[in-house]
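The structure under discussion appears below in the form of structure tokens.
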Amino acid sequence: WGPPGTGKTTLGKIIAREMNADFFELSAVSSGVAQIRKILKQGKLNFTADRKTILFVDEIHRFNKSQQDSFLHSVENGSIILIGATTENPSIEVISPLLSRCRILKLNSFSKNEMDTILSRALNTDILLSQHKISFSENSRSGILSSCGGDARKLLNTLELVVSMHAN
């Protein structure tokens, strides 16, 4: 859990890639029971075929108790690996039986130095951004970094906006 833009979804995708697992992503805000059941069924099929399944649930704290309960059996038997992401303290928002079967990681906002590294990496390695040969004055760079408050997603969206405005 952690503030927006700290890499919760990215971390889930990295874990799935490194484990060579099937990755399913849901948003608790817009997902229904039918989607959940379909993924749990696929997880069970994968499990019998000795394949790992990761179910990433964004904003898991928005699922009600009954919806959260629906994951318990699959988590217990290992047919899915559940990664629940939330901006809220999971100790308050996620049911105790599910919490007891999970490991909680707290992600923090990025420091200004970390944000500067993310900005540099985007400018130098992103396929589209690196073509523009963009540079900022120290004052402008510092202003962009400060305005994003440790949120990498906000930083990258701001960067894309600046580039699109400059390109036109």
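Overview of values
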{"quantity": "Hey, residue 41 open to solvent by 90 Å² or more (accessible area, probe 1.4 Å), at pLDDT 95 or above and out of contact with any helix residue (DSSP H, G or I) (no Cβ under 7 Å at 6 or more places or on another chain) or not", "calculated": "yes"}
{"quantity": "Flag if residue 97 is in contact with a Phe, Trp or Tyr (Cβ under 6 Å, 6 or more places away or on another chain) and open to solvent by less than 60 Å² (accessible area, probe 1.4 Å)", "calculated": "no"}
{"quantity": "Any hit, segment 45-60, residues being without any contact (Cβ under 8 Å) to a residue 24 or more places away in the chain, of a type in the set (Gly, Ala, Ser) and part of a loop (DSSP other than H, G, I, E, B)", "calculated": "yes"}
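Okay, residues lined up against (1) touching an Asp or Glu at 6+ places or on another chain (Cβ under 7 Å); (2) open to solvent by less than 40 Å² (accessible area, probe 1.4 Å); (3) at pLDDT 90 or above; (4) not hydroxyl-bearing (Ser, Thr, Tyr):
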position	(1), (2), (3), (4)
116	no, no, yes, yes
119	no, yes, yes, yes
122	no, yes, yes, yes
138	no, no, yes, yes
144	no, yes, yes, yes
147	no, no, yes, no
152	no, yes, yes, yes
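The values are calculated or read from the model by the stated rules, or taken from the named source; none is laboratory data. Because the structure is predicted, anything quoted here is derived from the model rather than measured. Note: ideal-geometry Cβ built from the backbone for every residue, glycine included; neighbour counts use all protein chains shown. Just so you know, the surface numbers come from the protein's heavy atoms only, side chains and all, with ligands and any DNA or RNA stripped out. Shrake-Rupley method; radii C 1.70, N 1.55, O 1.52, S 1.80 Å.
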